[in-house]
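One structure is given here, and the rest of the page talks about it.
The values are calculated or read from the model by the stated rules, or taken from the named source; none is laboratory data. Just so it is clear, the structure is predicted and the values come from calculations on it, not from any experiment. Note that we place each Cβ from the backbone using ideal geometry, even for glycine, and neighbour counts take in every protein chain shown.
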Amino acid sequence: MNHQLLLSLISGVFIAGAAAYLGTLMLSRKMAVVAGPLGHLALPGAALALVYGFSLSVGAFPFIVLGIVVIWLLEIRTKLPMEALTAIVFATGVGTAFLFLPINKAEAALIGDIAQVSTGQTVAAVVLGVAVLLAVRRSYAQILLIGIHEDLAKTEGVNVRLFNFIYLAAIAVIVALGVDLVGGLMTAALVAIPAAAARNVSRTLGQYGMAAGAFGALSAVAGILAAAPTRLPAGPLVIIAGAGIFGVTLFWSRA
Amino acid sequence: MGEAALEVRNLSVTLNGTAVLSGLNLRVEEGEFLTIMGPNGAGKTVLVRALLGLMPYEGEVRWRPGIKIGYLPQGLNQMFVRDVPVTVGEFFGLRRVGAAETARCLELVGLPRAMAQKPAGYLSGGEFQRMLVAWVLAGRPQAVVLDEPTTAVDVAGGETIYSILGKAGREEKLTILNVTHDLNVVFAHSTHVLYLSRVGHRCFGVPREVLTPEVLNELYGAQLKFYTHP
């Protein structure tokens with residue numbers, strides 16, 4: 001196996017696995033589609049990265065963090081639903097991006113560039129992927145409880161603002177990493193599809209998280225391995241592989 | 001007089017410039033079952049949220065120091081849980097309740113301990129509501145605050161839940177604050193009633209003194225009187 005392919009696979013597995021695990025929480029809180037707008041929010045940063053020649057994730061991250069902080073503050077201030085606030089902020093991101101995005105170089109920003117990932121980016125994907133997994137695992141009960149009923153979580157002593165921030169920060173990291181893997185247009189699929197597939201086959205929370213992570217990693221491996229022989233970009237193939245897994249799980253669906 | 005489980009002095013809550021509650025005084029002794037009644041919009045849920053420190057208020061709310069409080073909020077419904085593949089045992093685990101305590105509480109509300117392995121989203125409505133009561137009683141709280149806990153269950157199911165709570169109240173000196181519209185609950189289980197009115201007046205005392213025909217008329221919009229069978 002060549003070195004570049006190995007780097008792509010390692011990055012893909014850690015990004016997609018962590019995204020899918022986080023996706024189980026986002027699906028539970030009916031926020032899976034929020035990753036899509038946030039991915040779009042990454043586009044101004046991706047545009048800058050393309051113009052000045054640095055990593056898409058590095059370019060995307062500050063914009064996503066800025067967007068998340070604005071959403072977090074607006075949520076506290078207005079109590080509007082998070083998905084509505086995300087839609088407002090993301091539209092601003094897309095509008096800004098298309099002012100600066102060099103259209104002739106836009107492909108990488110839109111559908112990802114995992115086939116060209118560097119050693120440094122791979123290390124960052126592993127470290128940040130593991131950090132997100134650990135942070136989500138430690139906060140899972142609290143974040144789920146907030147989703148079930150915020151007042152209930154407060155009476156249980158959960159610091160709602162802190163855990164909402166941890167949750168949003170995890171989303172920001174995953175979306176920024178996801179821009180490298182599948183581009184700014186399709187990040188929602190990284191969190192939504194494997195989690196939805198896992199929902200079809202799980203009876204317990206434990207199975208749900210494990211299955212989502214496994215399905216995410218599997219779709220990344222399948223998509224990246226399929227890219228070379230088909231001469232197609234890996235990002236869309238990762239998404240299609242995830243959709244294929246979802247299709248298979250429909251046979252086990254409990255609903 | 002000993003230390004009360006809850007003492008409220010001159011409690012006022014204002015929402016968007018409108019006084020929802022003003023100058024409320026209340027004392028609930030350990031082991032008492034207080035039912036909070038009133039028409040929609042009278043401030044019942046606001047009162048509950050203020051008592052739990054979930055919203056700003058003026059005045060004094062003093063729970064007995066160190067008291068452990070369980071809370072069952074209004075609108076905690078099964079639909080959310082149905083979206084998540086969570087077993088009853090894992091649902092208890094969200095509150096860091098262990099397997100042994102989960103089994104004890106399930107049995108306390110008349111559910112088999114094997115139910116811990118079942119998906120919470122696929123219990124019947126009555127089982128789910130009983131499971132929620134068990135969930136609130138987990139960890140042996142000394143007080144529980146329940147906001148319309150029987151909305152989703154039929155009359156018999158609701159009666160069972162209140163019988164369980166009443167029994168727990170007597171055996172474990174559990175102090176219960178309960179919001180309901182159900183008159184039977186008040187007369188069968190409550191030691192005290194707080195009646196809140198939309199126009200600002202209120203009554204607090206034992207059920208037979210508080211629930212006069214005038215109060216019942218305001219509450220249910222009809223000429224009602226509560227008779228007991230001789």
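Listed here are the residues, each with its yes/no results for (1) assigned by TED's automatic domain parsing to the domain that holds B:A42; (2) under 30 Å from B:L47 (Cα atoms).
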| residue | (1), (2) |
| --- | --- |
| B:F92 | no, yes |
| B:A103 | no, no |
| B:R113 | no, no |
| B:P149 | yes, yes |
| B:T160 | no, yes |
| B:V179 | yes, yes |
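For segment B:70-94, name all the residues that are part of a strand (DSSP E or B) and in contact with a Ser or Thr (Cβ under 6 Å, 6 or more places away or on another chain).
B:Y71, B:T87, listed by residue number.
Looking at A:Y167, is it among the hydroxyl-bearing types (S, T, Y), over 27 Å from A:L5 (Cβ atoms) and within 14 Å of chain B (Cβ to nearest Cβ)?
no
Do we have any residue at all in segment B:61-69 that's within 14 Å of chain A (Cβ to nearest Cβ) and in a helix (DSSP H, G or I)?
So far as segment B:61-69 goes, no, none of its residues is within 14 Å of chain A (Cβ to nearest Cβ) and in a helix (DSSP H, G or I).
Counting residues that are closer than 21 Å to A:L9 by Cα and in contact (Cβ under 8 Å) with a residue 40 or more places away in the chain, which helices (runs of 4 or more DSSP H) fully inside segment A:127-220 reach at least 1?
Per the criteria, A:160-182, A:187-201.
Hey, does segment B:185-199 have a residue that's among the hydrophobic types (A, V, I, L, M, F, W, C), over 20 Å from B:Q74 (Cα atoms) and either at pLDDT 85 or above or not in a helix (DSSP H, G or I) (or both)?
Scanning segment B:185-199, I find at least one residue that is among the hydrophobic types (A, V, I, L, M, F, W, C), over 20 Å from B:Q74 (Cα atoms) and either at pLDDT 85 or above or not in a helix (DSSP H, G or I) (or both), so the answer is yes.
Give the residue that is nearest to the other protein chains (Cβ to nearest Cβ), with candidates limited to residues of segment A:108-151 that are among the hydroxyl-bearing types (S, T, Y) and under 26 Å from A:M82 (Cβ atoms).
Taking the candidates together, the pick is A:Y140.
Hey, does segment B:106-124 have a residue that's more than 14 Å from chain A (Cβ to nearest Cβ), of a type outside the set (V, I, T), without any contact (Cβ under 8 Å) to a residue 40 or more places away in the chain and buried (at least 22 other Cβ atoms within 10 Å of the Cβ)?
Yes.
Residues that are closer than 30 Å to B:L72 by Cβ, aliphatic (A, V, I, L, M) and within 14 Å of another protein chain (Cβ to nearest Cβ): does segment A:182-194 have at least one?
No, because not a single residue in segment A:182-194 is closer than 30 Å to B:L72 by Cβ, aliphatic (A, V, I, L, M) and within 14 Å of another protein chain (Cβ to nearest Cβ).
A:G157 passes all but one of (1) within 14 Å of chain B (Cβ to nearest Cβ); (2) within 22 Å of A:I64 (Cβ to Cβ); which number fails?
Going through the list (1) within 14 Å of chain B (Cβ to nearest Cβ); (2) within 22 Å of A:I64 (Cβ to Cβ), A:G157 breaks only (2).
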